[in-house]
Structure formats: structure tokens, C-alpha cells
Amino acid sequence: MTSNAALHSLSATAPLAGIKVIEIGQNIAGPYASEILSTLGAEVLKIERPGTGDDARGWGPPFWRGTATTFQAMNHGKKSLALDLKDPEHVAVLEGLVREADVLVQNMRPGALEALGLGAEAMRALNPRLVYCSLWAFGHKGPRSLAPGYEPMVQAFSGIFSINGPESAPPSRVGMQVLDLGTGLWAALGCLAALMRRQSTGEGCTVDASLFETALGWLQVMMAGYHATGRQPARHRSGNPNVVVFQALPTADGEVVVAAANDRLFAKLARVAGHPEWATDARYASNALRVQHKAELLPELETVFRGQPSQHWIDALEAAGIPCAPIQDFAQVLADPHTEALGILQTVPQEELRIVGLPLSFDGERPAVRHRAPAIGEHTHDYCPGLAP
């Protein structure tokens, strides 16, 4: 576990200490981008609607102490300012904050901030050093640029649905927010690159990221295959269209994922399965042949694996040096000593809520969760003392 002294030392030397970020965002993608910057040491001021705040505050159950856990996970460490962006007095306050900021992150409905005079051009005119980062559903240009969108819509539109799930069932979504979180990650990376460039140019810039572009980026290997063959990738549930054996295999009491990703590993797998002759079989001697003949190989392998429980196969595969893993649920993952050893599970101060910390360490230390997610407008008068309560 990371000691309190180590966490304090890391916080004092955080990579983004001194950087000021304004977030005009809600839900997941934009807040995650600024959450990354916050955890790296930036001061993040989250602008929220007075009274209701970020929609994600109500995205539950589950709730933790009255606020949805979705909001808690995406907004710890930030400060909340309740500003009505249709009120000229509040807009003037925001403009004053922008003049002193390094980064502005926004993922509001396309065109909303531009209509209020708060778009990239206007804000960068106030502060030419500002990095203005927008997160979109479908991208900053093109016929769908002004279309709103949420995670499942873009998974469907981008082709992710078409490759996900078993062939015997309808196409399905990836079960977690792979595009929201991925877009937040790309946006944070873009902000960091823009801040680095600013060191030499003195100028900020506009950064754009979107769920649709993130989806296409995640699909690049399959897209390359499609361009080469013109064939839609088949759905393989846990398998891989280009590597065999590289999937879950049924056992007497569950499933084990086996990754025999080259000919050497397949030869070892054949021996563990009690069929060393498979390694030299004319149908299975290379990966390309195994892909071609997997309809013959996999049923044979599955028959063997069904004869013993999962732990038997994990022990045998690990002893042979073959990559493998059990299929675990959340309780098993969180109880695993390896998860605990990494110190990635952190407790939010004041809230006693356990969350996943930043998947990144510096000199062996992970940036700490600094404080809980804020209440709506909790810090308004700290930063905007002239506003009437």
C-alpha cells in the first residue's frame, strides 16, 4: 500500500501542479478528461447548473450518500462552481476565470456554448494561451457534427455492435463505457500535448476529440483487415479472428481463457491436452492453418477441456508456460491479492468510497485521490465572491 507520506510527497510534485482547468461538462467523457488532469495535480473548477448540476449526479442507483456513484467516480478532486451561463453577470465571472486558466474542457451539446458566446474562438480571444478542448459525439466537422450522442448510439453507429457478442445472438454493445472513457483519455492526452507545445510557442490551441473517432481508433486493426479483404469481421464471442487458440474454453465447471498465440505455445497446449500430434497435424501446424481449420480444432479441444475443472487446467497451463486466466466477476477481481498489491483501489477522503485510481504511476507511486466529489456549487463563493448568494 502507498504510505501517506509517499502520497503527500507525490502530491507536492504532481506533474500538473499549477495548471488551472475549467470544466464545462457533464456525464462521463468530459468529466473523465478533466478528472485525469485533476488527479495529475491540476486545479479543476467544474462549472455546473445552479440547483441541478451535472446530470450524472442522478445517474443511479447505485448512489453513495445521495449522489450517483457514476458522478463520484468521475469528479473527485474537483471544485464545483454553480454558474448560470445565460446570466450575463455569471458569464462575466466565467470569462474572468478563463483569462487565468490554462485549459478549458467542454462536452456540452454541440453548438450550445457557441450560442452563448463561449465557444473556442471567443474564449481563446480572451486568453490566447488557453487550450480549449471539446469532446463531441461524432466529431467537430462533417454532416453529423452537430448531432448529440450517447455511448450506445455511437457504439452502434461505429460498427462496434457488429463485432460484439456470439454469432448465435444479436449484435451487442461493449458492457462498459469504452467510448466515453476512451474519448476522455484522448482529450486529456491532447491537452497535455497542447500544453507542451505552448511552452515553445506561447500559444494555446483548440483540441477536439469524439466518441466516434475513438471507436474508429479502437477498431483500427479490424478496419485494416476489412480494407484488405472487403469482408465484415465475424463475431467470435471471446475469440480472435486472426489467432487460434486465443479464447475461452469450456471446462467441467466454467471457462478458462487460453492464449496460445504462436506455434510454440500451441505445441505446448497440444501436449497439455494429451494430443501432442496436433502440433504437427497438417491442419494445425501454423496459426494460419489453425485459423483456416478452427471449426475442426476447437470442438476437439473443447471436448478435452470439458473433462476437468477450471483450476486443473489453469495449474497445468501455467506449469507449461501457456498464458491463461480464469473468468472472474467483480468480487473476485477486487479480492485478488494482485489487485490489492497494485494499490489502484483508493478510498475517497471524507466519503469512505472505494474507487479505481489513475491507471498510471510515477517513480513507482500512483497519484492519490485528493478529496471527495464536490456538492453543487460548493466552491462558488471561494472563486466568485462578488456573486449574490
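The values are calculated or read from the model by the stated rules, or taken from the named source; none is laboratory data. Just so we're clear, the structure is a prediction, and the values are computed from it rather than from any experiment. Cβ atoms come from the backbone with ideal geometry, glycine included; neighbour counts cover every protein chain shown.
Exactly one condition in (1) modelled with pLDDT under 90; (2) buried (at least 16 other Cβ atoms within 10 Å of the Cβ); (3) of a type outside the set (Lys, Arg) is not met by ASN242; state its number.
(2)
For region 149-166, does any single residue satisfy the condition of being surrounded by 13 or more Cβ atoms within 10 Å (Cβ to Cβ), of a type in the set (S, T, N, Q) and at pLDDT below 90?
Yes, some residue in region 149-166 is surrounded by 13 or more Cβ atoms within 10 Å (Cβ to Cβ), of a type in the set (S, T, N, Q) and at pLDDT below 90.
Just checking, does region 65-87 include any residue being more than 21 Å from the chain's Cα centre (by Cα), modelled with pLDDT of 95 or more, buried (at least 22 other Cβ atoms within 10 Å of the Cβ) and of a type in the set (D, E, K, R)?
no
In region 248-266, how many residues are crowded, with 16+ Cβ neighbours inside 10 Å, assigned to a strand (DSSP E or B) and in contact with a helix residue (DSSP H, G or I) (Cβ under 8 Å, 6 or more places away or on another chain)?
Matching residues across region 248-266 total 5.
Could you list all residues from region 307-338 that are among the hydrophobic types (A, V, I, L, M, F, W, C) and in contact (Cβ under 8 Å) with a residue 24 or more places away in the chain? Before you say what the answer is, go through the steps one by one.
Our first condition is that a residue be among the hydrophobic types (A, V, I, L, M, F, W, C); within region 307-338, this holds for 313-314, 316-317, 319-320, 322, 324-325, 327, 330-331, 333-335.
Correct list: TRP313, ILE314, ALA316, LEU317, ALA320, ILE322, CYS324, ALA325, ILE327.
Looking only at region 10-56, count how many residues are in a helix (DSSP H, G or I), among the β-branched types (Val, Ile, Thr) and surrounded by fewer than 18 Cβ atoms within 10 Å (Cβ to Cβ).
First, pick out the residues of region 10-56 that are in a helix (DSSP H, G or I): 10-12, 29-39, 55-56.
Pick out the ones that are also among the β-branched types (Val, Ile, Thr) and you get 36, 39.
Going one step further and asking which of them are surrounded by fewer than 18 Cβ atoms within 10 Å (Cβ to Cβ), we end up with none.
Of the residues in that region, 0 qualify.
Just to be sure I understand the filter: pairs with C-beta atoms under 6 Å, separated by 6 or more residues or on different chains, first member in region 109-132 and closer than 17 Å to PRO148 by Cβ, second member in a loop (DSSP other than H, G, I, E, B) and among the hydrophobic types (A, V, I, L, M, F, W, C). Which pairs pass?
Filtered contacts from region 109-132: PRO110/LEU146; GLY111/LEU146; LEU116/LEU85.
Those residues that are touching a Ser or Thr at 6+ places or on another chain (Cβ under 9 Å), touching a residue at least 40 places away in the same chain (Cβ under 8 Å) and of a type in the set (A, V, I, L, M), I need them from region 137-178; list them, please.
ALA137, VAL154, VAL178
Select, from ALA224, ALA295, the only residue that is farther than 23 Å from ALA169 by Cβ, modelled with pLDDT under 95 and surrounded by fewer than 19 Cβ atoms within 10 Å (Cβ to Cβ). Please lay out each step first, then the result.
Details: ALA295 fails: farther than 23 Å from ALA169 by Cβ.
ALA224 is the lone residue from the list that is farther than 23 Å from ALA169 by Cβ, modelled with pLDDT under 95 and surrounded by fewer than 19 Cβ atoms within 10 Å (Cβ to Cβ).
Of all the strands (runs of 3 or more DSSP E) wholly in region 267-359, which have at least 2 residues that are β-branched (Val, Ile, Thr)?
In region 267-359, the matching strands (runs of 3 or more DSSP E) lie at 345-348, 353-356.
Tell me, please, whether a residue that is in a strand (DSSP E or B), assigned by TED's automatic domain parsing to the domain that holds MET176 and out of contact with any helix residue (DSSP H, G or I) (no Cβ under 6 Å at 6 or more places or on another chain) can be found in region 206-217. Full working, then the answer.
Residues of region 206-217 that are in a strand (DSSP E or B), as a first pass: 206-210.
From what's left, assigned by TED's automatic domain parsing to the domain that holds MET176: 206-210.
Applying the additional criterion that residues be out of contact with any helix residue (DSSP H, G or I) (no Cβ under 6 Å at 6 or more places or on another chain) yields 208, 210.
Within region 206-217, one or more residues are in a strand (DSSP E or B), assigned by TED's automatic domain parsing to the domain that holds MET176 and out of contact with any helix residue (DSSP H, G or I) (no Cβ under 6 Å at 6 or more places or on another chain).
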